[in-house]
């Protein structure tokens, strides 16, 4: 019997029919990107296989582009342009089905969102116009004529055929988040046509009906068909929630399952700072009454009780998840086994999204194995057994130190974790108290909770260590995870050296505010040369204390890197509403006793702002004094019985929390591994094979 009774969750593990297929339970990993796409097919396949192993009933691919006339470079998505693309996707489908999950593929044609920077094809759209992308590409699409629409129907049919040949069980037609051409047909914002595909909702639905009917014909009804639809596009002409309800009522039996998600990616996958769990409940409630087919919805579900409520109240048939399935691929198995306390809950930071947005590889703050399953052989639950060494000392219990201690202990080493303060969690403990960041505390909560029962771990609080202390302890391996502190000057990206600063001006850093110090009222100049979340979070904090906030940044917009976490627009609207004043493309040239002199980052023109205090959100310095002291005594390591000492996380190089947890995992994984050369990559990668080409000789 599961430890927590488990029976109240039995409804989540009922089999549910999806057309010709049956899902083994109600856990449905909706399509999500990962930064790997066509470049890293084996890494992506293994990542999906692990989710099937973790108990998901349905596992989907990411967005899969069906034709070179619509591709979204620089984003790296999957391709299904020709039969040669089938083998990589077949390997993925096989991996998904290896543990009993249904394998789904999401087919996408981006239309007005596809700039075709790689294929160089002329973009095609329902109604022509400038390409609507994150990067404002200077490209326009032409309006499809009826022959183009017939071609597009054939391209979808070809993609369905290839999907079936690859072994997938479900095919999803993508019409959500503004990226899928199905939404472009349905929405009056992007469909200005006056022919049979425009005007009335029935006409705007025509293309969607055609491709679904043709997919059934092509597959002889053997594949299940999903429609991924926008719950509410927003805007004066956008496809609204009311129109969606009309559409579902008109076509309730068209697909085998309705996959419903918010109209824009930013709204659908909003961070925990701005979106609570089950944030889309109001938009999806009542949809089931319009169709006899099952409905799946999302909402960053992490609580089993919320999941059960969604099903029992008739809101959803399937619990859809992308980010929670990344944070813990074994979430279903843990609920089924009565181990809810072991769930590695998503913190909603959207670092996973940033991997796709930057064209890199995705990572997860909570699940350090995400996208490293194939590349490095890491697994989210299983660990390699220990090597010949016995003991590990971790100095510092922030995110890097906690992860290093946990993974080393799971491998079987005897671990000592020494923290200089009373609290475990480091920067996470401080940042979780800031506006909107409470969920980030899960980084510490999960790891401290997992460490607590382990018999091979000793934790010492209020235990600052010196180099002599570390050498005297004689651990085989030592991780120095002592974190970083925010700088008290303007040095970061724009200023590479300190600027003139009058000591009479009250000067603060984020560390000061998180420690409880900081201005209460008055005019505060906040200088943000960090460009991530901290500057905007502290602007809210100051506004709540009655301060007039003058937000200064050398960037052209506030918190510009949060474009990669889908937050920038939300942050801007939030700060405007709070009355924050903006000074974009400006940087302080000097800080006086009662004013700050600003210089334009382009032309150098100077202005002055009166100020009662200045908050600098610039860059951080590693707190690496202990590492430096030990490094200077490297000759003493062997005599002390120490094989390895390494600075990790922020103590080595400050970065986001996900960088710190990754560093902790890597330290633990590399204990007792053979020395390797730094001349080659520390991970596996796939290299494209050369194709024969035309001869350049006469």
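The single condition from (1) modelled with pLDDT of 95 or more; (2) over 23 Å from residue 432 (Cα atoms); (3) in contact with a helix residue (DSSP H, G or I) (Cβ under 7 Å, 6 or more places away or on another chain) that residue 352 fails is (2).
Every condition in (1) modelled with pLDDT of 95 or more; (2) surrounded by 20 or more Cβ atoms within 10 Å (Cβ to Cβ); (3) within 24 Å of residue 43 (Cβ to Cβ) is met by residue 396 except one, and the failing one is (3).
Here is a yes/no grid of residues against (1) in contact with a strand residue (DSSP E or B) (Cβ under 9 Å, 6 or more places away or on another chain); (2) closer than 18 Å to residue 476 by Cβ; (3) assigned to a loop (DSSP other than H, G, I, E, B); (4) at pLDDT 95 or above:
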{"position": "640", "(1), (2), (3), (4)": "no, yes, yes, yes"}
{"position": "653", "(1), (2), (3), (4)": "yes, no, yes, yes"}
{"position": "662", "(1), (2), (3), (4)": "no, no, no, yes"}
{"position": "667", "(1), (2), (3), (4)": "yes, yes, no, yes"}
{"position": "674", "(1), (2), (3), (4)": "no, yes, yes, no"}
{"position": "677", "(1), (2), (3), (4)": "no, no, yes, no"}
{"position": "680", "(1), (2), (3), (4)": "no, no, yes, no"}
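Residues that are surrounded by fewer than 19 Cβ atoms within 10 Å (Cβ to Cβ) and closer than 30 Å to residue 277 by Cβ within the range 410-428 comprise just one, 423.
Being part of a helix (DSSP H, G or I), within 16 Å of residue 581 (Cβ to Cβ), in contact with a helix residue (DSSP H, G or I) (Cβ under 7 Å, 6 or more places away or on another chain) and not assigned by TED's automatic domain parsing to the domain that holds residue 637 is the requirement here; does residue 543 meet it? In short, no. Selection within the range 95-105: residues that are assigned to a helix (DSSP H, G or I) and in contact with a strand residue (DSSP E or B) (Cβ under 8 Å, 6 or more places away or on another chain). The member of this set that is surrounded by the most Cβ atoms within 10 Å (Cβ to Cβ) is 96. Candidates are the residues of the range 200-223 that are surrounded by fewer than 19 Cβ atoms within 10 Å (Cβ to Cβ) and under 19 Å from residue 249 (Cβ atoms); the one that is nearest to the chain's Cα centre (by Cα) is 209. Within the option set 320, 338, 359, being over 18 Å from residue 34 (Cβ atoms) and out of contact with any helix residue (DSSP H, G or I) (no Cβ under 8 Å at 6 or more places or on another chain) holds for one residue only, 338. Please verify whether residue 142 is touching a helix residue (DSSP H, G or I) at 6+ places or on another chain (Cβ under 9 Å), exposed (fewer than 14 other Cβ atoms within 10 Å of the Cβ) and not in a loop (DSSP other than H, G, I, E, B), treating the condition exactly as stated. Yes. Return yes or no: is residue 152 in contact (Cβ under 8 Å) with a residue 12 or more places away in the chain and touching a strand residue (DSSP E or B) at 6+ places or on another chain (Cβ under 8 Å)? So residue 152 passes the test.
Looking at 525, 552, 537, 558, just one residue is in contact (Cβ under 8 Å) with a residue 12 or more places away in the chain, out of contact with any strand residue (DSSP E or B) (no Cβ under 8 Å at 6 or more places or on another chain) and either under 25 Å from residue 348 (Cβ atoms) or in the same structural domain as residue 608 (by TED's automatic domain parsing) (or both), and that residue is 537. Scanning the range 256-272 turns up one or more residues that are modelled with pLDDT under 95, part of a strand (DSSP E or B) and crowded, with 18+ Cβ neighbours inside 10 Å. For the range 513-522, filtering for residues that are in contact (Cβ under 8 Å) with a residue 24 or more places away in the chain, within 18 Å of residue 612 (Cβ to Cβ) and out of contact with any strand residue (DSSP E or B) (no Cβ under 6 Å at 6 or more places or on another chain) leaves 4. Of all positions in the range 112-121, at least one carries a residue that is assigned to a loop (DSSP other than H, G, I, E, B), closer than 22 Å to residue 63 by Cα, touching a residue at least 12 places away in the same chain (Cβ under 8 Å) and over 28 Å from the mean Cα position of the chain (by Cα). Within the range 616-638, the set of residues being over 30 Å from residue 591 (Cα atoms) and either assigned by TED's automatic domain parsing to the domain that holds residue 494 or assigned to a helix (DSSP H, G or I) (or both) comprises 626, 627, 628, 629, 630, 631, 632, 634, 635, 636. Restricting attention to the range 51-92, the residues that are buried (at least 24 other Cβ atoms within 10 Å of the Cβ) and in a helix (DSSP H, G or I) add up to 3. For the range 163-183, the set of residues classified as buried (at least 24 other Cβ atoms within 10 Å of the Cβ) and assigned to a helix (DSSP H, G or I) consists of 163, 181, 182, 183, listed by residue number. For the structure I just gave you, tell me whether residue 281 is modelled with pLDDT under 95 and in the same structural domain as residue 32 (by TED's automatic domain parsing). Considered against the rule, which asks whether it is modelled with pLDDT under 95 and in the same structural domain as residue 32 (by TED's automatic domain parsing), residue 281 comes out as no. Within the range 129-139, being crowded, with 17+ Cβ neighbours inside 10 Å and free of Cβ contacts under 8 Å to residues at least 60 places away in the same chain holds for 131, 132, 137. Residues that are without any contact (Cβ under 8 Å) to a residue 60 or more places away in the chain, more than 19 Å from the chain's Cα centre (by Cα) and assigned to a helix (DSSP H, G or I): does the range 15-37 have at least one? No: zero hits. Residue 417 satisfies every condition listed in (1) more than 28 Å from the chain's Cα centre (by Cα); (2) part of a loop (DSSP other than H, G, I, E, B); (3) without any contact (Cβ under 8 Å) to a residue 60 or more places away in the chain except (2). Entry remark, the range 500-531: residues being buried (at least 18 other Cβ atoms within 10 Å of the Cβ) and in a loop (DSSP other than H, G, I, E, B) number 6 in total. Filtering the range 442-468 to residues that are out of contact with any helix residue (DSSP H, G or I) (no Cβ under 6 Å at 6 or more places or on another chain) and not in a loop (DSSP other than H, G, I, E, B) leaves 442, 445, 446, 448, 449, 458, 459, 460, 468. Does residue 189 fit the bill of being more than 29 Å from residue 301 (Cα to Cα), in a loop (DSSP other than H, G, I, E, B), within 34 Å of the chain's Cα centre (by Cα) and at pLDDT below 95? Taking the combined requirement at face value, the residue does not satisfy it. Of note, residue 248 satisfies the criterion of being at pLDDT 95 or above and in a helix (DSSP H, G or I).
For (1) in a helix (DSSP H, G or I); (2) surrounded by 23 or more Cβ atoms within 10 Å (Cβ to Cβ), each residue gets a yes or a no:
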residue	(1), (2)
185	yes, yes
194	no, no
225	no, yes
228	no, yes
235	no, no
243	yes, no
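The values are calculated or read from the model by the stated rules, or taken from the named source; none is laboratory data. Remember, it's a predicted structure, so these values are computed and weren't measured experimentally. Cβ coordinates were reconstructed from backbone atoms using ideal geometry, including for glycine residues, and neighbour counts include every protein chain displayed.
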